[in-house]
Amino acid sequence: MPYFPNPEEQLHRSAKQDLFQGTDFYAIDDLLTEEHILIRNTVRDWVKRDVSPIIEDACQRNIFPRHIIKGMADVGAFGPQLPAEYGCGGLDYISYGLIMQEIERGDSGMRSTASVQGSLVMYPIYKFGSEEQRNKYLPKLASGEYMGCFGLTEPDHGSNPAGMVTNFKDMGDHYLLNGAKMWISNAPFADVAVVWAKDENGIVRGLIVERGMEGFSTPETHNKWSLRASATGELVFDNVKVPKENLLPNVQGLKGPLTCLNSARYGISWGVIGAAMDCYESAVRYSKEREQFGRPIGGFQLQQKKLAEMLTEITKAQLLCWRLGVLMNEGKATPAQISLAKRNNVDMALNIAREARQIHGGMGITGEYSMMRHMANLESVITYEGTHDIHLLILGMEITGENAFA
Ligand code: TGC
Ligand code: FAD
């Protein structure tokens, strides 16, 4: 993937007008503040201007459009929910959700870049890092000067991260890190990696690994059919000497990475509503324009059923997210509540992408429309940050008290 250097002019800018309006059947805007709406509209305008025209070409050609990082930082997509004193947004969780929604409306891969940076790299440094680490990394990550990635998954440990084998030894004046991580978003270009590894007592700890450290490499993962505008790779640690000051001091155990996932999974719950709305609105327009048997296909009951069910599911997902956002703001949201929203909303968006694709007939499989791209992207989204099955089991444990993982 030619993600770097990636001059903007390499990408074809489509002249097709982006007609997205935003779906709001239950006047959910009335539940938002003026600031929320301003933030959402700012990101929506940016996506229309800078993402929509290039995203189809970037995906088709498997290019991460690196030039948009600055714009993403300028609209406040990196760590919007973290304190302003570190150069972050100082916003609430509903603002964060709305930002993710608008970016994923453009493309799930773009939202991935923002989610990883904000929830999986900046958040752990803020929550579990020392004051020195916060001051060193957060302002640069917020501005996009540094990009980060999050290494939890390993080749043999995906759903079960507790089994990880990546480890580090205390060598007196530094740590020696060995192992490998797989399926890591942003890895091929990241400046810093938040890496979860076991210490000599088998306790999971977080380390900040920087590009350029000897023995650290980030080979890219090729031939993806999904998230083609997002760069994915491995993190390989071959006797990497990590300075002691790069250990995150304030967390031990698997709850460290899982706490970060709560924030990222929450963002995904909102993000996928964006992808679903994009597919739904496109299907509504097409159903009014496309005529068969002498009338618009939107006049046929079968197509109306599809559209009515899409609108119903989007509206339910929006209400779910809004309420979850309030609970997040109050510090009351539980991991199981977040699992329910991530699981429900991703599945909802994937179903809508499939149905909307059908409404577009043969045209639906082309890059003229966004559904096929959203559909392929959402196959990753339903797998990462905990698979659809894993979130069901988390809910099952919450309901019954029985742990199906053990
Ligand atoms: P278990 O024994 O249940 O828990 C271990 C410790 O963690 C605590 N805990 C949590 N803490 C905070 N938030 C949560 N959601 C938590 N869930 C559990 C728990 O209380 C315990 O704490 P302590 O103090 O007692 O030690 O753990 P388990 O080994 O049985 O596993 C549980 C399971 C399967 C639910 C969990 O491991 C899991 O969620 N697996 C899915 C893995 C996953 O989501 N990986 C994501 C990788 S990152 C990624 O995909 C990024 S994609 C980004 C993008 O591109 O957008
Ligand atoms: P497995 O865990 O092997 O699961 C395979 C199947 O078995 C799934 O259907 C699963 O639901 C099922 N299964 C597993 N255990 C059980 C069980 N106990 N009961 C019932 N069914 C079960 N990881 C990171 O750390 N950082 C990243 O930035 C990151 N980015 C990613 C980007 C992409 C594009 C993708 C595809 C993945 C990314 N991941 C990342 C990894 C992702 O989190 C894992 O793929 C995911 O957690 C699933 O792990 P796995 O692929 O090993 O599947």
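Within the option set 197, 190, being under 17 Å from the mean Cα position of the chain (by Cα), at negative phi and among the small types (Gly, Ala, Ser) holds for one residue only, 190. Exactly one residue among 212, 163 is loosely packed, with under 13 Cβ neighbours inside 10 Å and either in contact with a His (Cβ under 7 Å, 6 or more places away or on another chain) or in the same structural domain as residue 372 (by TED's automatic domain parsing) (or both), and that residue is 163.
Collect the residues in segment 166-190 that are among the acidic types (Asp, Glu) and either surrounded by 17 or more Cβ atoms within 10 Å (Cβ to Cβ) or free of Cβ contacts under 8 Å to residues at least 40 places away in the same chain (or both), keeping them in residue-number order. Explain how you work it out, then say what you get.
Step one: filter segment 166-190 for residues among the acidic types (Asp, Glu), giving 170, 173.
Matches in segment 166-190: 170 only.
Might you let me know whether segment 134-143 holds any residue that is within 12 Å of ligand 1 (Cβ to nearest atom) and in contact with a helix residue (DSSP H, G or I) (Cβ under 6 Å, 6 or more places away or on another chain)? No: zero hits.
Collect the residues in segment 69-85 that are open to solvent by 10 Å² or more (accessible area, probe 1.4 Å) and in a helix (DSSP H, G or I), keeping them in residue-number order.
From segment 69-85, those open to solvent by 10 Å² or more (accessible area, probe 1.4 Å) are 69-71, 73-76, 81, 83-85; that's our starting set.
Selection gives 69, 70, 71, 73, 74, 84, 85.
Just the residues that are over 23 Å from residue 284 (Cβ atoms) and among the aliphatic types (A, V, I, L, M), please, taken from segment 33-46. Walk me through it before giving the result.
Restricting attention to segment 33-46, the residues satisfying the condition of being over 23 Å from residue 284 (Cβ atoms) are 33-36, 38-39, 42, 46.
If the condition is that a residue be over 23 Å from residue 284 (Cβ atoms) and among the aliphatic types (A, V, I, L, M), then 38, 39 are the ones that fit.
Scanning segment 273-301 for residues that are open to solvent by less than 20 Å² (accessible area, probe 1.4 Å), in contact with a Leu (Cβ under 7 Å, 6 or more places away or on another chain) and not hydroxyl-bearing (Ser, Thr, Tyr) turns up 275, 283.
Among the candidates 107, 30, the residue that is charged (D, E, K, R) and open to solvent by 10 Å² or more (accessible area, probe 1.4 Å) is uniquely 30.
Only one residue in 58, 84, 27 is under 20 Å from residue 376 (Cβ atoms) and at pLDDT 95 or above, so which one is that?
58
The values are calculated or read from the model by the stated rules, or taken from the named source; none is laboratory data. Bear in mind that the values here come from a model prediction, so they are computed numbers and not experimental data. Here the Cβ is made from the backbone with ideal geometry for all residues, glycine too, and neighbour counts use every protein chain on show. Quick note on the areas: whole protein, heavy atoms, side chains included, nothing else; ligands and nucleic acids left out. Shrake-Rupley method; radii C 1.70, N 1.55, O 1.52, S 1.80 Å.
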